[in-house]
Structures are given as C-alpha cells and as structure tokens.
1. May I ask you to derive the FRET efficiency for ASN118 and ASP26 from their Cβ-Cβ distance with R0 = 22 Å, giving the value to the nearest 0.05?
2. Could you line up LEU132, LEU104, LEU42, LEU30 from fewest to most neighbouring Cβ atoms inside 10 Å?
3. To make sure I understand, if each residue's beta carbon is the centre and we count other beta carbons within 10 Å, what order do LEU100, LEU52 fall in, fewest to most?
4. Could you name the lysines in cross-link range of LYS14, using Cα to Cα under 17 Å and dropping any fewer than eight places away on the same chain?
5. Test of the criteria: in region 10-99, which GluC sites (Glu not before Pro) are in a DSSP loop and have at most 15 other Cβ atoms within 10 angstrom of their Cβ?
6. Cα-Cα over 22 Å: which of LYS88/LYS127; LYS75/LYS133; LYS18/LYS75; LYS60/LYS120; LYS88/LYS111?
7. Once the piece of chain linking SER101 and ARG59 is laid out straight, how much longer is it, given 0.36 nm per residue of separation minus the C-alpha distance between them?
8. Assign one of three labels to region 67-136, namely rounded, prolate or oblate, based on the Cα gyration tensor with a ≥ b ≥ c the square roots of its eigenvalues; rounded applies when a/c is under 1.5, prolate when it is not and a/b is larger than b/c, and oblate otherwise.
Amino acid sequence: MANVTKESVVSNGKTQTKTLEITWYDADILRINIVEGAEFDLSDSIDNLNILNIVTEGRKHLQLVDARTFWSSSKESREFCTSEEIRKNITGRAIIVDSLSGRLMAHFFIKVSHSHSNTKIFNSEAKAVSWLKNLK
C-alpha cells in the first residue's frame, strides 16, 4: 500500500495513488479523479479503499468521481468495488462521464453494487455537485 498518513494528506491537500487523485471539493464532498490510463487490479482497489479511509478518517461523506479519462479494471477489482465495505461510508456518489463507454461502465457499477438511490451519473460537473449538495 502507498505510504500515506493523515498528516501527509493534510499537508498538501491532495493524495495521489497509482490510479486516483483524491482531494476535498469541500468539507463534505470528496473529489476522486481517475488517473488517465489507470488499470485497476484488486490490489489497487484495496489500497485505494485504505487510503480513502485515511483521508476521510472513516466518516460518512459524499463522493464526486471524475471518470472522464480512459481507464480499465479487472473483474476482481470491479467485484471488490461493489462490496458493502466500499459503500458503507458513502452517503452519495456522483459519477461524471463524457463518453458512451464511461456511461456503460458507470451503469454497470450501479447495477451490480445495488446503490441506485445514492449514486447518479452526470455529464456536467456543475449538475453533479448541485445534486450532491442537495443530499447534505
């Protein structure tokens, strides 16, 4: 796992993993940018969860996921990312996409994770943020 502590996150305001860039959009919304060309495997997804737990200090939060890059994930990674362990601290998730393939991947994620009520797909970042703020 990447060597990240709460202090290193607070000191620079941004956490970078092999596949994600994580920052706070505001006090309750965590912004997650998927790195261009990221190839998620199970170990990346586990590392990302551990780092997200450090960044959020395990508290409930909203997520703004920018998935407008080209990326891929293994079957094991996709299955892990739909687990209750991933979802338990997320009160709402807005996924921003800008392509048909991104929309299909996001729809698959929502269907498999059974998170229809608290996850929504957007083409516009402004609309995604507005929706998340209404969930507060």
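1. It comes out at approximately 0.75.
2. Ascending Cβ contact count within 10 Å gives the list LEU104, LEU42, LEU30, LEU132.
3. By the 10 Å Cβ count, ascending, the order reads LEU100, LEU52.
4. Filter leaves LYS6.
5. Those that pass, being in a loop and sparsely packed, are GLU36, GLU57.
6. Correct reply: LYS88/LYS127; LYS75/LYS133.
7. So the extension gain works out to 12.0 nm.
8. oblate
Readers should treat all values here as calculations from the given coordinates under stated rules, not as data from a laboratory. All values derive from a computational prediction rather than experimental measurement. FYI the Cβ positions are ideal-geometry reconstructions off the backbone, even for glycines, and counts take in every protein chain you see.
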